[in-house]
Each structure stands twice: as structure tokens, then as C-alpha cells.
Amino acid sequence: MAPKKQLHFNFFEMACTGAHMAIGQWKTPGDLQEKKDTLEYYLWLAKLAEKGKISCIFFADVYGAEDLYEGSAKACYETASGVGWMDPLALVSGMAAVTKNPFIMARTAATLDHVTQGRFAWNVVTSYSGTAARAMGKSEATEHDTRYDAAHEYMELVYSMWEGSHEDGAKVFNRETGQAYDWDKVHKVTFKGKHHNSEAWGPSHASPQRTPVIFQAGSSKAGAEFAGKHGEAIFMGGNKPATAAPTVQRIRDIAKAHGRDPNHVKFFPQITPFIGRTLEEAQEKYRKALANADYRGGLAKLSNYLGIDLSQFPLDEPFKMDDTKINGIQTMINIFKRDPTKVWTPRLMGQQMAFMGFAQMPVGTPDMIADVIEEWAEEGSIDGFNVACMMLRIPSPPPFLQFHANSPNSRRQQPNQLRRYFSQFLDPKHGLTYLPQISSNS
């Protein structure tokens, strides 16, 4: 019998209330959503991840409240749908933030990689949010395909900074000769593109990883192309293995077309398991969580995803994605259109979005959840999960962690660098032949 693959589990978090589509769960007694402005919460979360043998903590991030629904952010704030957004960069060594200038991003990432000794990863996101655009001084979000075109340039430039500005051995600090750096191994980076330009000396000598592990999410045509070219770990949707497998294959085919080993691209769907000692106990947890889901907060989030104010449509009448011009997240649009027999109303869509969206949500005993995970690994061709917990409470850890820590397949990881930990699926794609031409110093 062939050995089963080693799966990786990541915590999926957001440094704001509502987490990732767990809108309304703050109403559960003892829930910690309101504590996300304290260092204590994130220290607890990190210790919990270590105890549960979690591979990493994956942070999604937003810039600004969702204010398209009803023409204001009222619903967003009243339901605690992704508000009180802290900067994850200042909290833990993982981030989903974007910066205006690639040089600043390159310096920030190199700094974090140095101080964490190679345990930093970057979740690359092209923002769809008009709210975020206005917060940054723009009038509106960049058009979908254009922002991916700009993102390709962005990546080429930061790769140049990380991989080409300092050769190995550039940092010398030889007290006998008085030489701190080997000048012949230090290079100026010159980049001229359609969207980004830079002429600069690299911000730092080579960090432990040089280029951090690249996480990415996107399954539209442009998003899949970006993932296939740059991504090492892909956060993906899909509530069934059969619907996920084609996306996995499509992106791996794109990776192969870019000269990469397709098996070096790994995939992580979201999962929110409801685990009980009995099926009935797990089902009761599910029912309580569903009762807390606030459809108004879900509609506020979905309005921003789709780029339209859903409050203009009757709450309980059928809504079709073709009813109006939509220029939002293509993956979300396709999910709602997937089943032509399913009748969606704005209320139902809002409730769905407030209750973890379309993530896999198995309900049952530990053995039942293990069966679901194995099915995904075998039929969905995935490599692990981003685990989004519906409720987080002290002192009791989420049931998933109790299940995962006691699993016979789990193992204590050594405190190696993140890149070494993920070595089985990282792609040696960052050699100089992969990067834009780097000018030499003079």
C-alpha cells in the first residue's frame, strides 16, 4: 500500500473582528473576537499553533471597512464584519499586507526574514477593494487584469532585490583586513517597467531564505496565471474535492508551462470542522454557530467582493449574477453561478458569506473528520488545509487542535526555517536566470 502524503495544516486568521467570514460569532459567550487588539491574544494563538503542530499562521488582511453595502460601513461595524483591522505585520511573522512601493516591500520582507531566522512567508494579494484604494489615495480599485499585470512586475522587482542585489558571501566583516562587505558581490538593481520603476542598491544582504515562501490565492484566468508563475502555496476555494481537483490541475499545468515542476506548487483549501465526541454534539455546535451568522455583515462583505451594492435588490427575491454588470472577484461570481438549479436571494447569500462562505465544513466525530480529510487528499489532489476556526476561546483550544495534536499521523516539527520545513514542495525558481536583468555596479 502506498504511503499516505504528509498534509500540512495552517491557522487561517485575520487581525480583525469577524475573522474570515465568521461574522456574528462574537456573540458566543467567551469568544475572543473583541480581544484582537491585545498582544495577549496573538501570543496565545502562536502558542496554540505550536501545541497543535500547525505549520504556519496564515493572515488574510484588509485595508478599510466595507462600505459599499447601503452606501456606508454601518452594517459592517454593527455586525463586526472585518473591522478593527490591526496590522498583522506588527504582530507576528506573517503578513497579507501590500505596500505602495516594491522597494519598501523588499526591505520589509528581508528584515522580517532576518529577525525570524527564515520563518517568514508572504501572501501576495492584488486588492479588489475600492475602500482600500480610497484609503491609499486612489479614486477606485484597479481593473482586475490590469492589477495582475502590475503584480507580475512587482514580483519581478522584489525578486531582483532579494536574489540579485547581494551575492552569497557579500557580508564579510573581516576585522583583519578592515573589509565589511565585498564590493564585487554587491549590485545595483535597475528595473524599468510599465507599472513600476526602481534604481536602488539592495536593502539588505541575503536573508536566510532570500525570497520568502510565496502564498497566493486566485483562480480567475489572470489569477491562475499569476499563481502558476509565482505561487508556492495556493489558498483555494472549493467545498468538494471534485470541484477543487480541476483548479489544482489547471494551475499546475500553468506552472509546468513556466518551466516549473508542477508538483512544487501546493494547494490549501479552507476547512472549518465542527468536531464533537458524538455526531449529535458536533451537530449542536454547528446549529449554534449557524444561528449566530449575521446576514447583514455577510452582504456587506459580498457587496465589496462583487463591486455592487446588494442593498438595492429585494432581500428575499431571487438574484442572479447576470442581473447586472459585475466586475468583482471572479472566483466568487463563479461559485454562485456553479449550480444553475440553486435559487439565491440576497438574504441567503449574506447568510452564506457570514457562515464561512463556501468553505468545507465537515460535522462529526474525529474519525468522521479524518475521513473527510483523507478524501480531500486523495481525490482533490490537495496538500493541506487552511483551518479557519469558527470560535476561539480561552482556555479551551479549538476541538480541531485537540484532534490534530492527538492524530497518529502528526509529528513534532523541529524549529527549522520555514523554507526548510516546506522543502518538499518549494520550487528552486529564484535563480538569476529566472529574474529580470540586473545591472552591475560601477
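The values are calculated or read from the model by the stated rules, or taken from the named source; none is laboratory data. In this text the structure is predicted, and so the values were computed from the model without any measurement. Every residue, glycine among them, receives a Cβ derived from its backbone with ideal geometry; neighbour counts consider all protein chains shown.
Of note:
- Among the conditions (1) of a type outside the set (Val, Ile, Thr); (2) modelled with pLDDT under 75; (3) assigned to a helix (DSSP H, G or I), the only one that residue 77 does not satisfy is (2).
- Tally, over the stretch 170-189, of residues that are over 24 Å from residue 159 (Cβ atoms) and acidic (Asp, Glu): 1
- Selected residue (criterion: nearest to residue 385 (Cα to Cα)) from residues of the stretch 246-264 that are assigned to a helix (DSSP H, G or I) and over 22 Å from the mean Cα position of the chain (by Cα): 256
- Residue tally, condition modelled with pLDDT under 90 and in contact with a helix residue (DSSP H, G or I) (Cβ under 6 Å, 6 or more places away or on another chain), over the stretch 171-191: 0
- Only listed residue being farther than 23 Å from residue 61 by Cβ and among the small types (Gly, Ala, Ser), chosen from 233, 244, 222: 244
- Residue 353 surrounded by 20 or more Cβ atoms within 10 Å (Cβ to Cβ) and either in contact with a helix residue (DSSP H, G or I) (Cβ under 7 Å, 6 or more places away or on another chain) or at pLDDT 90 or above (or both): yes
- Within the stretch 1-21, the residues that satisfy the criterion of being at pLDDT below 80 and among the hydrophobic types (A, V, I, L, M, F, W, C) are 1, 2, 15, 16, 19, 21.
- From the options 382, 373, residue that is in a helix (DSSP H, G or I) and touching a residue at least 60 places away in the same chain (Cβ under 8 Å): 373
- Restricting 259, 238, 276 to residues that are under 20 Å from residue 58 (Cα atoms) and either small (Gly, Ala, Ser) or free of Cβ contacts under 8 Å to residues at least 40 places away in the same chain (or both) narrows the list to 238.
- A single entry from 64, 118 fulfils the requirement of being in a loop (DSSP other than H, G, I, E, B) and modelled with pLDDT of 80 or more: 118.
- Residue within the stretch 304-313 that is surrounded by fewer than 20 Cβ atoms within 10 Å (Cβ to Cβ), without any contact (Cβ under 8 Å) to a residue 24 or more places away in the chain and small (Gly, Ala, Ser) present: no
- One residue alone among 40, 50, 70, 34 is in contact with a Phe, Trp or Tyr (Cβ under 7 Å, 6 or more places away or on another chain), part of a helix (DSSP H, G or I) and surrounded by fewer than 20 Cβ atoms within 10 Å (Cβ to Cβ), and that residue is 34.
- Residues that are farther than 19 Å from residue 141 by Cβ and among the charged types (D, E, K, R) were ranked within the stretch 311-327; the one that is modelled with the lowest pLDDT is 323.
- When the stretch 159-189 is filtered for residues that are touching a residue at least 40 places away in the same chain (Cβ under 8 Å) and out of contact with any strand residue (DSSP E or B) (no Cβ under 9 Å at 6 or more places or on another chain), the ones remaining, listed by number, are 159, 162, 163, 183.
- Candidates are the residues of the stretch 214-245 that are part of a loop (DSSP other than H, G, I, E, B), out of contact with any helix residue (DSSP H, G or I) (no Cβ under 7 Å at 6 or more places or on another chain) and of a type in the set (Gly, Ala, Ser); the one that is nearest to residue 10 (Cα to Cα) is 217.
- Qualifying positions in the stretch 80-115 - at pLDDT 75 or above and under 25 Å from residue 25 (Cα atoms): 80, 81
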